[in-house]
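J.: Okay, here's the structure, questions in a sec.
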Ligand SMILES: Cc1cc2nc3c(=O)[nH]c(=O)nc-3n(C[C@H](O)[C@H](O)[C@H](O)COP(=O)(O)O)c2cc1C
């Protein structure tokens, strides 16, 4: 790991370095959660309720981060979670992220509401596996068109996000007054929509437009559009994990949208064990929400996640220096994971098992 020009020397410096680069409204957009941000905090707090149980003298002369994700081997068990509007964070937008991820052999997932068209993301970065995150559109033909475009340019899986029938009450984002949905063009076309900001009231009844009327049947319809594997993002219960399997999902992302949707929703790490148990060998399970350090990755993997998604830190890294910032971030996070694995006595991702963690009632000192 070399010294950097990106304004952060350690993972712990990154957030402050990004804060210096972004305007107040953009900062609120990135950081903000729903309501009182209880779920944002819960995601982090959950990691503090687990402690690691390292093993000694395990010949850690070689530590291998190689991680199989849906049949492809990546160089780390973490991936870029889909985040909207990366072009508002850095002019190179999603292409910077895609290039850094490809160079680092890290999986990346790109949002329906990217700033650049998905064809540009695929075309301006080296060929490398990456996934497309799908938001259902009001009109199924528009959903179909997005899936076909992603498949045509080589995206290797579709990740259907379930937890946005309506935008959460994003107090911090709305207070700052950034009309991001008007300020930033949608790269995938002016027809693409993101969920309604709020329902319309009719007496005691609050109505939401399509696609808020979607039921699990929509998963079958989306799956029928493509030969690509379909994953479901936004699962927090065993019951929904079972539904995802019944409807043919190959992967499940345990996620609460980084605390941006339902304030008070459980921490993802607390939801992980029951989802892993419910899914068994029927699909792969991933987690996102509050993953910040090498130790967090060890804990999530020990509890059964195949890999973890990283949301805000990628945007922080993008803000500090575009592609170089994200590249630097991957370098630091991989290094910290390798260090943590060595000291924990784990030489490979496969050796990170349930015996590595214990639940503790309070934060370890
Ligand atoms: C600014 C921002 C935009 C996001 N946009 C999307 C999106 O377009 N689609 C989606 O499925 N998730 C979106 N997410 C949620 C992330 O994919 C992920 O679930 C979350 O950020 C993980 O938590 P973390 O930020 O604590 O790592 C967004 C998150 C942030 C912070």
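The values are calculated or read from the model by the stated rules, or taken from the named source; none is laboratory data. Remember, predicted model here, so these are calculated numbers, not experimental data. Using ideal geometry, Cβ is built from the backbone for each residue, glycine included, and neighbour counts are taken over all protein chains shown.
J.: Please specify each residue of the range 301-340 satisfying the condition of being over 15 Å from residue 7 (Cβ atoms) and within 11 Å of the ligand (Cβ to nearest atom).
T.: As a first pass, look at the range 301-340 and keep what is over 15 Å from residue 7 (Cβ atoms): 301-312, 314, 330, 333-340.
Result: 308, 309, 310, 311, 312, 314.
J.: Checking residue 155 against (1) surrounded by fewer than 23 Cβ atoms within 10 Å (Cβ to Cβ); (2) more than 13 Å from the ligand (Cβ to nearest atom); (3) part of a loop (DSSP other than H, G, I, E, B), only one condition comes out false. Which one?
T.: The one condition residue 155 does not meet is (1).
J.: Looking only at strands (runs of 3 or more DSSP E) that fall completely inside the range 38-114, which ones have 1 or more residues that are over 17 Å from residue 316 (Cα atoms) and more than 11 Å from the ligand (Cβ to nearest atom)?
T.: Details: elements: 50-52, 67-69, 72-74, 78-80, 107-110.
In the range 38-114, the matching strands (runs of 3 or more DSSP E) lie at 50-52, 67-69, 72-74, 107-110.
J.: Kindly provide the set of residues from the range 295-310 that are surrounded by fewer than 22 Cβ atoms within 10 Å (Cβ to Cβ) and either within 14 Å of the chain's Cα centre (by Cα) or part of a helix (DSSP H, G or I) (or both), ordered by number.
T.: Across the range 295-310, the qualifying residues are 295, 302, 306.
J.: Among the residues of the range 117-140, how many are within 16 Å of the ligand (Cβ to nearest atom), outside any strand (DSSP E or B) and in contact with a strand residue (DSSP E or B) (Cβ under 9 Å, 6 or more places away or on another chain)?
T.: Residues of the range 117-140 that are within 16 Å of the ligand (Cβ to nearest atom), as a first pass: 117-118, 121, 130-137.
Now restrict to residues that are outside any strand (DSSP E or B): 117-118, 121, 135-137.
Filter once more, so that each one left must be in contact with a strand residue (DSSP E or B) (Cβ under 9 Å, 6 or more places away or on another chain): 118, 121, 135-136.
Total satisfying the criteria: 4.
J.: Has the range 287-299 got at least one residue that is under 28 Å from residue 225 (Cα atoms) and at pLDDT 95 or above? If you could, list the steps in order and put the result at the bottom.
T.: Within the range 287-299, the first condition is being under 28 Å from residue 225 (Cα atoms), and the residues that meet it are 287-288.
Those still in the list that are at pLDDT 95 or above too: 287-288.
Checked against the condition, which is being under 28 Å from residue 225 (Cα atoms) and at pLDDT 95 or above, the range 287-299 yields at least one hit.
J.: Here's another thing I want to ask about it. For the range 1-37, which residues satisfy the criterion of being out of contact with any helix residue (DSSP H, G or I) (no Cβ under 7 Å at 6 or more places or on another chain), modelled with pLDDT under 95 and in a helix (DSSP H, G or I)?
T.: Selection gives 24, 25.
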